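Encoded as structure tokens, the structure appears first; notes follow it.
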Amino acid sequence: MYLNSNHFFLLFAFVFVLDFGTVSSDEVPAILWNIKGDALRVTPVSALGKDNDIYENTLKEILQKSAKILVYAVNRLSLEDFSSSEKPVASNDTIQNLQSFLDGQRYMFMSHVNDPLSQIHEAHCGVQEIVVDQSIDENVLQAVSMAFDKSCVVVLHITDAGIVGSREKAFQPEFQKTLKNIIGIFTGLKSSWGGMNEGTHQFRNLLSLEESSDQNFLNVSGCILMYGENATLRIDAANTTISLPFPVDTEGSKCGNDSAFLQLKFSTSGEYSSVVLVFNMTSAMGSWTTESYLELSEARINLNSKDLAAPNEFSYSCGNLVLKSNNISDLYTVKFSRFQIQPFQVKEKFSESFDCVTWFTVPIWMGVFVALILIVIVNIGVYSLFSIRTMDRFDDPKGKTISVAPGTD
């Protein structure tokens, strides 16, 4: 049996699917080594084992031997931080210094441990925490020794300034002789990718705090937030497009617990000297909905804004907001290239956004495209496996052998 390029495609697809399913952005690496003594039984970590179970069992074994644990914790850490790169060596790069130190040590490396610090804090012998800024000097070591007198775990929180000085004194410091076994653990508080934060998903906010001074941003009495860009009004009957410039007058706007009224008075030039766009938002059953209309030359034109709605704790955002009049024969269209609004439970900035998206967004198309590629690769591999044929005839050892007459020149 032989393998051709189609079989390698199949093998690649299988490995890719397995690897993709095991990646998790809320897990951090953990490295363990003996600082003093040999309470840590350093063994190779199997690639087929679960890092969480190995880490938990190792902690139990360490604590059962009455060993002390010195934890080095950075704010953010991921497996990619240990990968080789071309960045220059910095004296205060904590990870580079740790890697240089571990080159001559025996240690255990677990690439994906789910919140290792929480398991350390469950130790019944107590946990002391110390903040370290740059150097682990004699004062820090003295504070650690005093903390070990009260508990079995000391957590050193390494700031962004990093660790400077001797690597050996930093990651294998000398303690008083009364301490027999000390285990070092290097890990992080959160993943560098920041996929999870305090148990909730990170949502995209259209605006940040720094953008609050932009003239396109409106904060009406601290109860209505709105942001808009490139607003235009299209009047089909007159075959004209009117630019709606910012800043805009919001006089007459008001809000309450269950209702919010936002009135935007745009100063325009030309035939229409003033265009008023009104958003009337009401809250009911945990969500808010919007009715909108235009006031143009003493005429009121209702706009279709039934999709402009969101839960009460959410804002509504749209990359291309289009509001059209209900009267198709005399069409009026208001457009915003970027738009976001929040009428209830307003804080200093927008809450998580409830986006206007179609059925098929760019991420969905990307997923469908990748799925189709994988299906094609799998089908090619399966077809190639079924196309393998064995020989239908073999030489008979009891029969006459096949002889080939030599050729003539």
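If you go through the stretch 340-385 and keep only what is assigned to a strand (DSSP E or B) and either under 24 Å from the mean Cα position of the chain (by Cα) or basic (K, R) (or both), you end up with Q340, S353, F354, D355. Taken over the stretch 103-122, the criterion of being within 18 Å of N34 (Cβ to Cβ), in a loop (DSSP other than H, G, I, E, B) and of a type outside the set (S, T, N, Q) is satisfied by D103, G104, R106. Within the bounds of the stretch 349-367, is there any residue that is under 30 Å from D236 (Cα atoms), surrounded by 14 or more Cβ atoms within 10 Å (Cβ to Cβ) and aromatic (F, W, Y)? Checked the stretch 349-367: no residue is under 30 Å from D236 (Cα atoms), surrounded by 14 or more Cβ atoms within 10 Å (Cβ to Cβ) and aromatic (F, W, Y).
This table checks each residue for (1) more than 31 Å from the chain's Cα centre (by Cα); (2) under 17 Å from Y72 (Cβ atoms).
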{"residue": "L102", "(1), (2)": "no, yes"}
{"residue": "M108", "(1), (2)": "no, yes"}
{"residue": "Q119", "(1), (2)": "no, yes"}
{"residue": "E138", "(1), (2)": "yes, no"}
{"residue": "L141", "(1), (2)": "yes, yes"}
{"residue": "A147", "(1), (2)": "yes, yes"}
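The set of residues in the stretch 274-323 that are at pLDDT below 90 and of a type in the set (D, E, K, R) comprises E295, E298, R300, K306, D307, E313. Scanning the stretch 215-238 for residues that are free of Cβ contacts under 8 Å to residues at least 60 places away in the same chain, farther than 25 Å from S297 by Cβ and open to solvent by less than 50 Å² (accessible area, probe 1.4 Å) gives N216, F217, V220.
Taking the criterion of being under 30 Å from T43 (Cα atoms) and at pLDDT below 85, the residues of the stretch 133-144 that qualify are I136, L141. The residues in the stretch 285-304 that are open to solvent by 10 Å² or more (accessible area, probe 1.4 Å), in contact with a strand residue (DSSP E or B) (Cβ under 7 Å, 6 or more places away or on another chain) and small (G, A, S) can be counted, and the count is 2.
Scanning the stretch 273-284 for residues that are surrounded by fewer than 18 Cβ atoms within 10 Å (Cβ to Cβ), free of Cβ contacts under 8 Å to residues at least 24 places away in the same chain and of a type in the set (V, I, T) yields one hit, V276. Scanning the stretch 305-339 for residues that are touching a residue at least 12 places away in the same chain (Cβ under 8 Å), open to solvent by 30 Å² or more (accessible area, probe 1.4 Å) and part of a loop (DSSP other than H, G, I, E, B) turns up K306, D307, E313, F314, G319, N320, N326, N327, D330, L331, S337.
The values are calculated or read from the model by the stated rules, or taken from the named source; none is laboratory data. Remember, it's a predicted structure, so these values are computed and weren't measured experimentally. Here the Cβ is made from the backbone with ideal geometry for all residues, glycine too, and neighbour counts use every protein chain on show. Surface areas here come from the heavy atoms of the whole protein model, side chains and all, with no ligands, DNA or RNA. Shrake-Rupley method; radii C 1.70, N 1.55, O 1.52, S 1.80 Å.
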